[in-house]
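Read through the structure below, which is laid out as structure tokens, and then see the notes.
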Amino acid sequence: MIEDFTRRGVLATGATAVLASTVAIPSGAGAKETVSPRLRERLAEWRFHLGHAADQERDFGFGRNQRTFAKAGNSTADAAMAKFDDAGWQAVRVPHDWAVALPFARPEKPAGKDSEDAAAAHGFKAIGRSFPGNSIGWYRRTIAVTAADRGRRLWLEFDGVFRDCLVFVNGHIVGRNESGYAPFAVAIDDFLDYDGGPNILALRVDATLGEGWFYEGAGLYRHVDLVRADPLRMPQWHSVVRSEVGADGARVTAATEVFNSGAAEASGTLRRKLVGPDGREVALPDATFRIAPGERTTLDGEARVTAPVLWSVETPKLYRLACEIVVGDRVIDADETRFGIRTVRFDAERGFLLNGKQVKLLGTCNHQDHAGVGSGIPDALHAFRIAQLQSMGSNAWRSAHNPPAAALLDLCDEMGMLMIVEARLNSSDEEAMGQLDRILRRDRNHPCVIAWSLGNEEPQQGTDKGARVTAAMQAHVRTLDPTRPTTFAFDNSWDHGAAKVVDVVGFNYRTDKIEGFHQSFPTVPTYGSETGSTVATRGAYANDAAAHVARAYDTEHPWWASTAEAWWTIAAARPYIAGGFVWTGFDYRGEPTPYAQFPSISSYFGILDTCGFPKDNYYYYRAWWRPDEPLVHLLPHWTWPGREGQPIEVWAHGNCEEVELLLNGRSLGRKAMPRNGHLAWSVPYAPGRIEARGYNKGRRVTRSVCETAGPAAAVRLTADRRMTKAGGDDVAMLRAEVVDAKGRPVPDADQMLRFSVQGDGAIIGVGNGNPTSLEADVASERRAFHGLAQAILRVGAKPGPILATVSADGLKGDAVRIVAMPADS
Ligand code: GAL
């Protein structure tokens, strides 16, 4: 490891030194030279093969004759050696989750209820102890190294590998990282061949054990970069930028670390400037240094920005700190750190304040998987997920229960989504503190990050031990980032234990207890760290326990939880509650509450399903989280053959003052919409058209219509974006909807839909949001579920048009044209 990330290491460096900051990783594939000699290259293409946790030969001889660890570089596993032939291995592109392509299965040897529960929690994928042949993954690739690299420092930056990753370079074990969520770096320059190679990277990733109680994926599911730099350089996360905003502008301070990893003393100048969102530059004074070999120094500087453009949810404007190390007249190293100028504060009376203004946290908790690709989420899919939540009015995300991908944070910065970053472990042991240390260093320049969450429903939350552990973590947060508060998601013990330590006390569910807490502890800021959570199957309107179906009215929830309306009504009316984070924004794999048995493989908690298709509750939140935009949403659909004359429970979500319901043109009455509530009617079914009209101040402002559909006749295909970027990484999200001859959605359609692509692109995964579907994700066909399916189209390397089509037996197909623009356009 090039940085000493352990707690001991941190203490040894004096802990007051500000060591690091976020390096904005350039998106897109291939090498991108910033300035000589620093070069950052994204390593997207790898060869992949499953190994074996129990059979040494099928694990490429790993551990053979106990020699893997005997002599460095000489006698490790075959697959780690340069001469190994990986021609038969699968070509994969990172982000890659190998678990998502595995079949669904119950554990082969169910060892009682626990093993079924654990398998359910992880989404019934055939991985883990019962599946040793699926639980080890090997990755290999070459890297191009030339004579010009001799003398440079080269290192790999992994943003997260699931999990327990052993890194080999030319047969040498060069690094190991246990955590499935924390970033890590590995120095490799000692192990390279500079005279023509080949130079082989190999990774052995062991996902036998999980960390969470939810689907976690497996493998290289986040980005990997290779960085080359001069021995006199800025290390990873080298700068921390802070700003104080006052009446006369912002005072911006920067602390940048310079590391002399060369053999001789080095001196030079650190040149820095701030670059504003409008391109305007403000220089910091030059700082000179003289550093002994192997030593580091931190150089402080400051600048005043007059009339700063403040970062906010509505105007997520970013600044950059550009740094150069100059020796003589040569630029030896150069890099940038993105940041935003803004203030955040939690207040016990006023809730959350961004730039001094009260902002209610309209949040969701989310795990990190999506239909089709599992946890291997391309950057553009992160952006799609943020946009789906923002369309509902959401402004905040809690990364439950682990640090998020750096790519997600970059996009939250750019798109204006606030983020609570959560540590995976509530512990002060060396491993957990090392993880926390790396996360703080990686993430503390992101303006989107508003708090550090140090625990979630920990068994020790209400104990002295929990308080001590949390205090140790908090002390480290204070050292590396005194600008943000700490928090913790409690499901009890709000008035003792770790709750006495952290700055902001989170309530998981039990939103109704916040008022009493506030009265007893009027100086402690609070919010709902998990709220709701309604369980629902998208498009279903009757419970069916045998079929594992939960109706999508806002009525069903587990005993510890509540409906959307119940928690939001409480939080909305109390300014001291900073807001809440619904469990969850999206359905996720695993934890199929309330039907935690096979074949339910994903959660029912989402406001949106695993594809990001809205369930009806989406419109409840959208109504009250975007109150200035008139909305009415009717449920259920209006296609109930055979139920003529029978009562149908009809609801309207919406924010208009009054709603009138009409069936086939006949008014069924006008009702006042309760604030933060909904309206309900019982309507005898007659096919045709049901309509809800929304009125404000007596004027009709919007409406929602459902019409009885005829038989399925066609599929309609749309894409979230028509313009994409060539290069191999961008994706367009395709939505296929089954409609009747008149273009009306067919609510129960379940035809098999087949996707295909002409041009340089490929379907990398499909989904339909059905929590009981055991169909393959890595495929190009999928049954519609309640009329909808999704396909993820990855754009290839070459610019040009791409035609995506959908077809289905007996239905008229459809096509959508996507354009891949040149990557640098
Ligand atoms: C919470 C927990 C979440 C999830 C949820 C399901 O207690 O923090 O991770 O398990 O329950 O309701």
Work out the FRET efficiency for His52 and Lys465 from their Cβ-Cβ distance, taking R0 = 35 Å, and round it to the nearest 0.05. 0.35
State, as an integer percentage, the relative contact order of segment 712-769 based on alpha-carbon contacts under 8 Å between residues 6 or more apart. 30
Which GluC sites (Glu not before Pro) in segment 605-685 pass both tests, a DSSP loop state and at most 12 other beta-carbon atoms within 10 Å? Glu644
Nearest 10 degrees, 0 to 90: what angle lies between the long axis of helix 379-391 and the longest principal axis of the chain (Cα atoms)? 40
GluC sites (Glu not before Pro) lying in DSSP loop within segment 225-306, provided at most 12 other Cβ fall within 10 Å: Glu265
Computing the accessible area with a 1.4 Å probe over protein heavy atoms, can you report the carbon and sulfur percentage for segment 179-220? 48
Where Met673, Met752 fall by accessible area, highest first, once all protein chains stay in place (1.4 Å): Met752, Met673
Sorted on mean Cβ neighbours within 10 Å (highest first), peptides 401-413, 304-316 come out as 401-413, 304-316
So for the pair Arg176, Thr718, with labels modelled 7 Å out along Cα→Cβ, what separation do we get in nm? 5.2
Can you give me the accessible area per residue for segment 477-518, using a 1.4 Å probe, in Å²? 32
Would you please give the FRET efficiency between Glu629 and Arg574, computed as 1/(1 + (r/R0)^6) with r the Cβ-Cβ distance and R0 = 25 Å, to the nearest 0.05? 0.60
At a 1.4 Å probe radius, carbon and sulfur cover how many percent of the accessible area of segment 615-735? 49
Expected sort for 358-368, 151-161, 539-549 on mean C-beta neighbours within 10 Å, highest first, is 358-368, 151-161, 539-549
Find how much the distance from Glu657 to Asp193 grows on full extension, using 0.36 nm per residue of separation minus their present alpha carbon separation; answer in nm with one decimal. 159.8 nm
Test of the criteria: in segment 732-790, which trypsin sites (Lys or Arg not before Pro) are in a DSSP loop and have at most 16 other Cβ atoms within 10 angstrom of their Cβ? Lys742
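Summing -39500 (n - 2.57) over the DSSP H runs of n ≥ 4 in the chain and dividing by its residue number, what mean residue ellipticity at 222 nm do you reach, to the nearest 500 deg cm²/dmol?
Mean residue ellipticity at 222 nm (helix-derived): -3500 deg cm²/dmol.
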Two decimals is fine: what's Rg over Rh for the chain, C-alpha atoms, Kirkwood radius as Rh? 0.97
Using a cut-off of 16 Å between alpha-carbon atoms, which lysines can reach Lys798, once sequence neighbours fewer than 8 places away in the same chain are excluded? Lys725
With an 8 Å cut-off on Cα pairs and a minimum separation of 6 or more residues, tell me the relative contact order of segment 451-532 in percent. 30
With every protein chain kept in place and ligands, DNA and RNA left out, what is the accessible area per residue of segment 266-328? Probe 1.4 Å, answer in Å². 51
Given 0.36 nm per residue, what is the gain on full extension from Ala596 to Ala87 after removing their alpha carbon distance, in nm? 179.1 nm
Length-normalised contact order for the chain - Cα pairs under 8 Å, 6+ apart - percent: 10
How large a share of the accessible area of segment 450-605, in percent, is made up of carbon and sulfur atoms when the probe is 1.4 Å and the other protein chains stay in place? 54
Spatial extent of segment 329-375: Rg and Dmax, with the Cα atoms as the point set, Å: 19.3, 55
In Å², and per residue, what accessible area does segment 369-413 have when probed at 1.4 Å with the other protein chains present? 12
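The values are calculated or read from the model by the stated rules, or taken from the named source; none is laboratory data. Computed from a predicted structure; not experimentally measured. Backbone-built Cβ (ideal geometry, glycine too); neighbour counts: all protein chains shown. Each accessible area value is taken on the protein alone, full model and side chains, heavy atoms only, with ligands, DNA and RNA left out. Shrake-Rupley method; radii C 1.70, N 1.55, O 1.52, S 1.80 Å.
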